[in-house]
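Since every read-out is calculated from the coordinates, none of them should be taken as a lab result. Treat the numbers as computed from the prediction; the structure is a model and nothing was measured. Backbone-built Cβ (ideal geometry, glycine too); neighbour counts: all protein chains shown.
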Amino acid sequence: MAEKKHNHNLDEAEECCCCSGKTKDRDEKEFKDLMNRLKRIEGQVRGVEGMLENDAYCTDILIQVSAITSALNSFNKVLLANHMRSCVADNIREGNDEIIDELVVTLQKLMK
């Protein structure tokens, strides 16, 4: 069964300003799980926009923003676990220990 390539809306020569230039082929299950999480977060953000437009009370908005922060943290945990199980483990098996330094730098950025 052929794996589906995901369109990330970037040309091959073009890369976003925050990317390392590396890519990751995710299986369909991982891709769908991550996208579903992001879509829910996107919906939560739209909900907060609506609350602000409708003059919702400050603490109600703050609680919803806290829920968004929690959802983003959960997304990061899942993505980091997937990264360690695949990219990091594969690189170590191939003798590329530089991946450990990359992981340390990434963790330092996440823990700011």
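Structure notes:
- Pairs with C-alpha atoms separated by more than 22 Å, drawn from the list 32/77; 39/109; 29/109; 77/112, are 39/109; 29/109.
- Förster radius 30 Å - calculated FRET efficiency between residue 69 and residue 92, Cβ distance, rounded to 0.05: 0.40
- Highest to lowest packing among 78-90, 100-112, scored as the average C-beta count within 10 Å: 78-90, 100-112
- Length gained when the stretch residue 58-residue 34 is fully extended (0.36 nm per residue, less Cα-Cα span): 5.6 nm
- Efficiency of FRET between residue 105 and residue 22 - r from beta-carbon atoms, R0 22 angstrom, step 0.05: 0.95
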